[in-house]
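Everything on this sheet refers to the single structure shown next.
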Amino acid sequence: MTRVVDSSVVLAYLLGEPGGELLADDDGRFILSTVNLTEVLTVAMEHDLAPEMVLGILRPLPVDHVEHGVDDAIGAARLRPLSRHLGLSLGDRVCLALGQRLGVPVLTSDRRWTDLDLGIDVRLIR
């Protein structure tokens, strides 16, 4: 089964946090927006991990990177008024919009997402 992953899922894997093992132990494919990849690389740098090293760690995982296009930009923008009350970031909305566009579940560690009623299948990793 294909699922979109939030940056929190990839960071959980990189930092050895609960739920991150899903990326290596699961039989399915995962999709990560390049916007969310930017978030991952930025946070990784704050943990003294070079972007190139992180990409090398992620390379063997079943994670496909998807470019952020116009349709995803529109989708993320449309989610803003529906999610403003929860304080979702641009990256959060990009991830959700990608899952919505593809019609696949979205994995995250962010519990706030489960309070959304958008018709998007949000699943928590922990």
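Observations on the structure shown:
- Given (1) of a type outside the set (A, V, I, L, M, F, W, C); (2) open to solvent by 70 Å² or more (accessible area, probe 1.4 Å); (3) at pLDDT 95 or above, index of the condition GLU39 fails: (2)
- SER8 falls short on exactly one of the conditions (1) modelled with pLDDT of 95 or more; (2) open to solvent by 40 Å² or more (accessible area, probe 1.4 Å), and that condition is (2).
- Test result for ASP64, farther than 17 Å from LEU90 by Cα and modelled with pLDDT under 95: no
- Listed by position, the helices (runs of 4 or more DSSP H) enclosed by the stretch 1-92 that each have at least 2 residues that are out of contact with any strand residue (DSSP E or B) (no Cβ under 8 Å at 6 or more places or on another chain) and closer than 26 Å to LEU118 by Cβ are 7-14, 34-46, 70-83.
- Scanning the stretch 93-126 for residues that are of a type outside the set (Lys, Arg) and assigned to a helix (DSSP H, G or I) turns up VAL94, CYS95, LEU96, ALA97, LEU98, GLY99, GLN100, LEU102, TRP113, THR114, ASP115.
- Tabulated pairs, the stretch 19-40, first farther than 26 Å from ALA73 by Cβ and touching a residue at least 60 places away in the same chain (Cβ under 8 Å), second hydroxyl-bearing (Ser, Thr, Tyr) and surrounded by fewer than 21 Cβ atoms within 10 Å (Cβ to Cβ), C-beta under 7 angstrom, 6+ apart or interchain: GLY19/SER109
- Residues of the stretch 41-61 satisfying the condition of being over 24 Å from ARG93 (Cβ atoms), more than 18 Å from the chain's Cα centre (by Cα) and free of Cβ contacts under 8 Å to residues at least 12 places away in the same chain: ASP48, ALA50, GLU52, MET53, GLY56
- In the stretch 58-78, the condition of being of a type in the set (Lys, Arg) and farther than 20 Å from ARG123 by Cβ is met by at least one residue.
The values are calculated or read from the model by the stated rules, or taken from the named source; none is laboratory data. Remember, predicted model here, so these are calculated numbers, not experimental data. For neighbour counting, all protein chains shown are included, and Cβ atoms are generated from backbone atoms with ideal geometry for every residue, glycine included. Calculation scope for accessible area: heavy atoms of the full protein, side chains included, ligands and nucleic acids excluded. Shrake-Rupley method; radii C 1.70, N 1.55, O 1.52, S 1.80 Å.
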